[in-house]
Amino acid sequence: MSRIGLRRYPPWMSAAAVAAIVLLAGARLITLSAAEHAAELRRAAQDVMQHHVHLIEVQLQALLERARQESRAAASADMRGTAAASLPAIPARHAFWTADSGSLLGAGDADPSISRALVSEWLAAPPRERATAGFLGPVRYGSQWLVAAQLPVESSARSPASGRARAFAYEALEDLLVRADFGRLPSEGYDFELLAPRDAAARPLLRSRPAALEAPVSGEVRPAGAGRSAGAYLRLAIRPRSGWYPMGSIAAEVTLLALVTWALAFGVYDLAYSVRHARRALTTARERLRAVNARLSTEIEQHDALQRNLEHARYHDAATGLPNRRYFMGQLDRALRELHARRRQCLGIILIEIERFTLINDTLGHTAGDDLLLQAAQRFAGILEGTEYSLARWGADQCVVLLSDVESAAVVRATAAALHAARQELFSLRRHRVSIATRIGFTCIARGLRRPEEALREADVALSVAKRQPAPLAVEYTTELGDAAVSLVNLEADLHLALERGEFGLLFQPIFELRAAAVAGVEALLRWRHPVEGMLSPERFLSIAEETGTIIPVTRWVIQQACRLIDDWKASLPRDAGFFVSVNLSAAALRDPGLGQHVRQTLAATHVAPRYLKFELAERGLIENVSGTRAVLAELRSMGIELMLDDFGTGYSSLSHLQMLPFDYVKIDRPFATRNERADSAVTAAVLQMSSSLGLRSVAELVETEAAARSLAELGCDFAQGYYFSAPLEAAEALQLLRRTPAPATNVGATEAPVAAPAAVRSADETLILEVPPTMMLPEPP
Ligand code: C2E
Ligand code: CA
Ligand code: CA
């Protein structure tokens, strides 16, 4: 039963094949055993037949002997001189004498008709046979067969009768057979047939059954002393009554064979069926396994792809595909180690910030900034080509470059200058041509072991200095810058006492209404008169105050001061003079749960109407906690205090996003920041338009030139402030300004931006590289 056979044929065919083979083999075996059995029977029958032939022969022999006695008796009678024709002696029973001619000489009790019948039989035989001694018949007489023996009477030579007389002895065949114990043959289980072979037709003399025997065992009865060449006298054929073949046992064997065949066929069928079934189940299981395997490998592939994506996401910025901070820090860490191991000469870190990033997002769509950053990064990469560098996105609007192996600081400086110059070419963004301004802080690290954070902080300090400059430029980190930053740490302790010691003060920067060309209000700006550091601007201490929580009492103090001042100013100004004082609120100050209460109480205590007070909130920090902020702002707004969104354009959010907060004004940070006035006006116009459509009044901040002021007026900006109009002033000066209503813009403060040009070197492409302490870069107006 091969696999193929099983697969190809149904189980019943295997069973049929097995049945056929078993049947054939069984039949052959049964045939052989039957033949063997038949041969055995035949041998036994042969023996039985021989035995009976012998018994008959003995009886025939006896008959001949009787005939011989009769012959002798006849001879002795003859010797006594009796003529053959008239033999006086009487033959014994069933015997008679005849003359050669056939005439009866002595018959005794022999039936004359029997005698005649026998004699005529004898006479019918051929002469040669007639002359010799032998047997006659069997001769039919009535209903019986007679057997007879005859021989010539042996007489003396003298006797005339000698040779002329014959002695006959006869007997009924049945009697002879009885004596020969023939009756035993049927009782031994044989059918028989006794034939007379000398007849041409081989007449049957005696039969145990009416029909002739089929395939009998036969033997010839040849009694000795017959002296004849005529052949056998009788033929005996026998055959077992049950036949040669044992039908009963054959039937039993056939039945057994059938049973065995059936059992085997059934077994094979069952086996084939089970194997087939098992094979089918196996195939199904194998297929299922294959499917599971396939699914598993797909899942593994997906998992791998996901892993790769995750790995990529870990080290890349989702929006631009640029490497991210994590990637950069890894690179920097390695570069610093190699530098320490003196495998590198010097390395440079350059932090680049793109200005007005949010404006671009707001005007051109919220992913435009990312596109811009990507384009800028590509442009930077083009400039860096040929050097060993890493470039990554640092902040929303920042890129950072690592120059892993440079010969000297001069190379880093030159590279920073080249990157700074890259901004001059316009960028194509959503079918617009956009110019950008970049501020760069960089550092060059030549030796010493520094942690990546430390190294980056140097570039960051330099960038924060660059950001404080009126014009976009690149600033290199120096130890002095670092020291100034470090000294901030010491300020923390002093800050706690500053309020008690009365070291805080306020300056007021006028805000002009452009259409009326008059001062509309002032912005209160905090100053710390530090006993050692001198006058400190908020940028130096504000972050510490916010981190330590000092901002809360300081803010309360500023609100109090502002309200008191408003009260004073109201008294000294005409009754109808409308003005306001706007106070800056840090996001950290909004965490003061009593802020609203404090404002309410202060307004009440100083008898100031809420319209005199406004609050400015920078977008940075607000978006982090919109829901919390909204509640505080709503409370202030509900008191009737107007709110200004400060520093718009420096953060990351969009106007529409901030629209969720209840602002009345938007302060646009440095609307003309670049030298490309046309591009700037397009962006500013868009922001102004959007503000007005959102129902916000606009205040332009940090306006430093007449051109900018004029453009703003033309573009429909509502308010403006900046050095062009006036630097922050002491309270008294601010009051004087308020008294002159309406005041022409040109009359106010300095006509030039009162920036004391810092001691700076100009690189070939006019990039300013500052080499002065930071305090010198933030001059207060006179
Ligand atoms: P700010 O609200 O944007 O204030 C304007 C800053 O720009 C002021 O710096 C002002 O002196 C300066 N400025 C005004 N006009 C010009 C100009 O034409 N050109 C340039 N380059 N600068 C100009 P200041 O006073 O150093 O204040 C810095 C920041 O500190 C403020 O930015 C404000 O966010 C924050 N601040 C000031 N006072 C307070 C305060 O009382 N509380 C809180 N929380 N923050 C304050
Ligand atoms: Ca402000
Ligand atoms: Ca501002």
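The values are calculated or read from the model by the stated rules, or taken from the named source; none is laboratory data. Quick caveat, the model's predicted, so the values are computed rather than measured. Here the Cβ is made from the backbone with ideal geometry for all residues, glycine too, and neighbour counts use every protein chain on show.
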Problem set entry | Meets criteria (closer than 20 Å to Leu473 by Cβ and either at pLDDT 85 or above or not basic (Lys, Arg) (or both)) for Thr387 | no
Problem set entry | region 579-607, residues that are within 60 Å of the chain's Cα centre (by Cα) and either within 16 Å of ligand 2 (Cβ to nearest atom) or part of a loop (DSSP other than H, G, I, E, B) (or both) | Leu585, Ser586, Ala587, Ala588, Ala589, Leu590, Asp592, Pro593
Exercise. Residues in region 666-709 that are within 11 Å of ligand 1 (Cβ to nearest atom), at pLDDT 90 or above and basic (Lys, Arg): how many?
Worked result: 1
Seminar exercise, completed: Those residues of region 572-590 that are more than 15 Å from Pro538 (Cα to Cα) and in contact (Cβ under 8 Å) with a residue 60 or more places away in the chain come to a total of 7
Exercise. Asp576 passes all but one of (1) modelled with pLDDT of 95 or more; (2) away from ligand 1 (no atom under 13 Å from the Cβ); (3) not in a helix (DSSP H, G or I); (4) not aliphatic (A, V, I, L, M); which number fails?
Worked result: (1)
Problem set entry | Residues of region 536-547 satisfying the condition of being out of contact with any helix residue (DSSP H, G or I) (no Cβ under 6 Å at 6 or more places or on another chain) and surrounded by 14 or more Cβ atoms within 10 Å (Cβ to Cβ) | Leu536, Ser537, Pro538, Arg540, Leu542, Ser543
Seminar exercise, completed: Screening Ala252, Ala294, Ala265, Ala285 for residues that are among the aliphatic types (A, V, I, L, M) and either surrounded by 15 or more Cβ atoms within 10 Å (Cβ to Cβ) or within 22 Å of Gln46 (Cα to Cα) (or both) leaves only Ala265
For this session: State whether the residues of region 590-613 include one that is among the acidic types (Asp, Glu) and crowded, with 21+ Cβ neighbours inside 10 Å.
Result: no
For this session: Could you tell me whether any residue of region 191-210 is among the aromatic types (Phe, Trp, Tyr) and either assigned to a loop (DSSP other than H, G, I, E, B) or within 30 Å of Arg116 (Cα to Cα) (or both)?
Result: no
For this session: Kindly check whether there is at least one residue in region 616-633 that is farther than 20 Å from Asp370 by Cα, within 16 Å of ligand 2 (Cβ to nearest atom), in contact with a Pro (Cβ under 6 Å, 6 or more places away or on another chain) and at pLDDT 75 or above.
Result: yes
For this session: Output the residue which, of all residues in region 123-136 that are touching a Phe, Trp or Tyr at 6+ places or on another chain (Cβ under 7 Å) and surrounded by 20 or more Cβ atoms within 10 Å (Cβ to Cβ), is modelled with the lowest pLDDT.
Result: Leu136
For this session: Considering only residues that are of a type in the set (A, V, I, L, M, F, W, C) and within 15 Å of ligand 2 (Cβ to nearest atom), look in region 521-542 and name the one that is farthest from the chain's Cα centre (by Cα).
Result: Val522
Exercise. Of the residues that sit in region 348-391 and are in contact with a Cys (Cβ under 9 Å, 6 or more places away or on another chain) and surrounded by 24 or more Cβ atoms within 10 Å (Cβ to Cβ), which one is farthest from Gly441 (Cα to Cα)?
Worked result: Leu373
Exercise. Among the helices (runs of 4 or more DSSP H) confined wholly to region 324-395, which include 1 or more residues that are touching a residue at least 60 places away in the same chain (Cβ under 8 Å) and closer than 30 Å to Ala685 by Cα?
Worked result: 357-364, 368-384
Exercise. From the list Ser120, Ser101, Ser113, Ser143, which one is of a type in the set (S, T, N, Q), under 15 Å from Asp175 (Cβ atoms) and surrounded by fewer than 15 Cβ atoms within 10 Å (Cβ to Cβ)?
Worked result: Ser143
Problem set entry | Scope region 698-723; condition assigned to a loop (DSSP other than H, G, I, E, B) and either within 15 Å of ligand 3 (Cβ to nearest atom) or under 13 Å from Ala517 (Cβ atoms) (or both); matching residues | Glu701, Leu702, Val703, Glu704, Cys717, Asp718, Gln721, Tyr723
Seminar exercise, completed: Of those in region 606-641 that are within 16 Å of ligand 3 (Cβ to nearest atom) and among the charged types (D, E, K, R), the residue farthest from Glu523 (Cα to Cα) is Arg620
For this session: Could you grab the pairs with beta carbons closer than 7 Å, sequence gap of 6+ or different chains, first residue in region 510-525 and free of Cβ contacts under 8 Å to residues at least 60 places away in the same chain, second one crowded, with 24+ Cβ neighbours inside 10 Å?
Result: none
Exercise. With (1) buried (at least 24 other Cβ atoms within 10 Å of the Cβ); (2) small (Gly, Ala, Ser); (3) not in a helix (DSSP H, G or I) as the list, and Ala416 as the residue in question, which single condition is left unmet?
Worked result: (3)
